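The values are calculated or read from the model by the stated rules, or taken from the named source; none is laboratory data. This structure is a prediction, so every number in the text was calculated from the model and none was measured. For neighbour counting, all protein chains shown are included, and Cβ atoms are generated from backbone atoms with ideal geometry for every residue, glycine included. The protein model used for the area step is the full one, side chains on, heavy atoms only, and it has no ligands, DNA or RNA in it. Shrake-Rupley method; radii C 1.70, N 1.55, O 1.52, S 1.80 Å.
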Amino acid sequence: MADPARAARLAQRIKVIVAEALRRRVKDPRLEAVTITDARVTNDLQHATLYYTVLGDPEEQQATRMALESARGVLRSEVGKNITARLTPTLEFVPDEVPVNASHLEELLQKARERDAEVAAIAQGADFAGDADPYRTSDDEDEAR
């Protein structure tokens, strides 16, 4: 078992190496719009998971996934040349769902803002059902004595 801090440093190094290799070494046009967003390495430094995003429709995303799978060997050899670990970790590419989740969350927040505006508009002309301040105050206690 390696140190978790070392695994984190290695993951960041692998992220940079793969991003540079995608930009310089791999000449596949399907990989031009790929962004490597995160990398994680297991504590034994045997497996690396790389998270990526790509803009486009599902067909383009599928083509990018296939291109990454075909370039995996080249990318792994590039990682092996540029890290100082005894073994080169295997690479796994996973689409990053953070942008999708963020856009969904933004839609939910927009709906909440619209509902809050509706409630504020309704409350604008509303009157209190009872007193404006229904809680007892120290003045009320003095008058009751």
Once Leu55 and Ala129 are pulled to full extension, the length gained, defined as 0.36 nm per residue separation minus their Cα-Cα distance, is 21.3 nm
Could you give the dipole magnitude of segment 1-88 about its Cα centre, charging the beta-carbon of Lys and Arg +1 and that of Asp and Glu -1, in debye to the nearest 20? 480 debye
How do 110-122, 43-55, 86-98 rank on mean C-beta neighbours within 10 Å, highest first? 43-55, 86-98, 110-122
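Percent of accessible area on segment 1-113 owned by carbon and sulfur, 1.4 Å probe?
Within segment 1-113, the accessible surface is 54 percent carbon and sulfur.
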Given a Förster distance of 30 Å, report the FRET efficiency between Glu69 and Val98 from their Cβ-Cβ distance, rounded to the nearest 0.05. 0.90
Would you calculate the separation in nanometres between label points at Ile122 and Lys81, each defined as 7 Å from the Cα along the Cα-to-beta-carbon direction? 6.6 nm
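Accessible area per residue, 1.4 Å probe, Å², for segment 1-106: what's the number?
62 Å²
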Would you mind getting me the FRET efficiency between Gln12 and Leu108? Use the beta-carbon distance for r and R0 = 22 Å, nearest 0.05. 0.10
So for the chain, taking the charge dipole from beta-carbon charges (+1 Lys/Arg, -1 Asp/Glu), which of Phe128, Met66, Val26 sits furthest toward the positive end? Val26
